[in-house]
1. Of the residues Leu193, Leu228, only one is assigned to a helix (DSSP H, G or I), hydrophobic (A, V, I, L, M, F, W, C) and either at pLDDT below 85 or under 21 Å from Arg284 (Cβ atoms) (or both); which?
2. Scan the range 132-169 for residues that are within 17 Å of Tyr201 (Cα to Cα), at pLDDT 90 or above and among the hydroxyl-bearing types (Ser, Thr, Tyr) and jot them down.
3. Out of the residues in the range 207-220 that are at pLDDT 85 or above and assigned to a helix (DSSP H, G or I), which is surrounded by the most Cβ atoms within 10 Å (Cβ to Cβ)?
4. Residue by residue through the range 312-362, note down the ones that are among the small types (Gly, Ala, Ser) and closer than 27 Å to Gly390 by Cα.
5. Which condition number does Val115 fail, the rest of (1) at pLDDT below 50; (2) more than 30 Å from Leu221 (Cα to Cα) being met?
6. Based on what the data block shows, is Leu372 at pLDDT below 95 and touching a helix residue (DSSP H, G or I) at 6+ places or on another chain (Cβ under 7 Å)?
7. Check whether at least one residue in the range 337-346 is closer than 21 Å to Arg396 by Cβ and modelled with pLDDT of 95 or more, and report yes or no.
8. Against the condition surrounded by 15 or more Cβ atoms within 10 Å (Cβ to Cβ), at pLDDT 95 or above and of a type in the set (Ser, Thr, Tyr), how does Ser433 come out, does it pass?
Amino acid sequence: MTNAATHQAIEAVWRIESAKIIAGVARMVRDVGLAEELAHDALVTALERWPVDGIPDNPGAWLMTTAKNRALDRLRQASLHARRQEEFGHEAAVLREQYAPDPADRLEAAREDDVGDDLLRLIFTACHPVLSADARVALTLRLLGGLTTQEIARAYLVSEPTIAQRIVRAKRTLAAAKVPFEVPRGPDRAARLTSVLEVIYLIFNEGYSATAGDDWMRPALCHEALRLARILAELSPDDSEVHGLCALLELQASRIPARIGADGRPVLLLEQDRTRWDPLLIRRGLTALARSEALGGACGPYALQAALAACHARARRPEETDWEEIVALYDALAEVAPSPVVELNRAVALGMAFGPQAGLERVDALRNDPALANYHWLPSVRGDLLFKLGRREEAREEFLRAAAMTRNAKEQELLLARAAEALVPGGKLDGGSA
């Protein structure tokens, strides 16, 4: 195998195994930043040795063992330092607490521990509420998604130094706050789980409908979020909302192949070729939704959103969609997770179920909501409803207003095209949400 092929293989292994390696080492050293450093030391060693020695039979295990050996060396050095400090009587109690028992015992315990437990600890640590939402997303993609700083910066249209600073500060904040590397229990666990689910949800949404830039979607982010959700579902088999989130992402991801046409333009929901929706992801999503409901989570916010997605997934044609059921689900979602965006989506469903006038009345009631002042989908939805009512000039003005508000180039193209089509005699607009 050539050096180039070996390096490609190492990159692939790292992307798959890095989270497990960092998690396993973090359990030993109790420091996420140090764990990542030691894991990267193992990666550098692989880059030096594998082109010469060949790729080992179990490359993931090789990297894990190498990283843990680095951790063991670090712990032994720290233990030796602690003993020397004890001799001089400086900070002996603190260091004994931090590094006892013997580091070798930690290594043996780490070998025996279920790596799944370590991954769960890493997820909860990276998504700790002490960090800002931006920091949680960046750190999660770095540690659990295996993305480089450059990849994260490109995905979120932020400079690489900015992302690097977020990650460094996040690790420092965790260390300064002495956040334990553990899965919290009781009320603390519920609060932290909410943060974990939110971060995964935000990552998927940014991939599914990019807020800015030249791309309509960033599928790589969707796939990373889906992978994290699946890991969490495996590690939390009895948590209904985890399965609800997993169901939602599976069902939404099933539409990705149909959301861009052959000409590269975005394709909205009601115009999508449903034969291109991924049937395997739909089955997985429906199964996860059934699991969530069986666990008593039918009224959880993610499960309700998954149920909404399931209504579309079960309809072979747009006209078979049960819009009245969708309205009822939005009513339930508004009860447990009220927001102006939920109300806007409910207005779309009302327009589909009971006519555009019903939808427009609800949208007009939202026009003065400050939370939607810069939300381009508000004028977009209003334009669609106005067009259906035959008020084409007003519809055109709304589409132009929406186009001026969005920072995504593909969305802007779509909205400008809809504005032009609004005045075409006999013209038919693409319909539905994304």
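The values are calculated or read from the model by the stated rules, or taken from the named source; none is laboratory data. Just so it is clear, the model here is predicted, and its values are computed rather than measured. Note that each Cβ is placed from the backbone with ideal geometry, even for glycine, and that neighbours are counted across all protein chains shown.
1. None of the others qualify; the one that does is Leu228.
2. Within the range 132-169, just Ser132 meets the criteria.
3. Looking at the filtered set, the residue picked out is Gly207.
4. Matches in the range 312-362: Ala347, Ala349, Gly351, Ala353, Gly355, Ala358, Gly359.
5. For Val115, the failing item is (2).
6. Yes; evaluated as a whole, the condition is true for this residue.
7. yes
8. no
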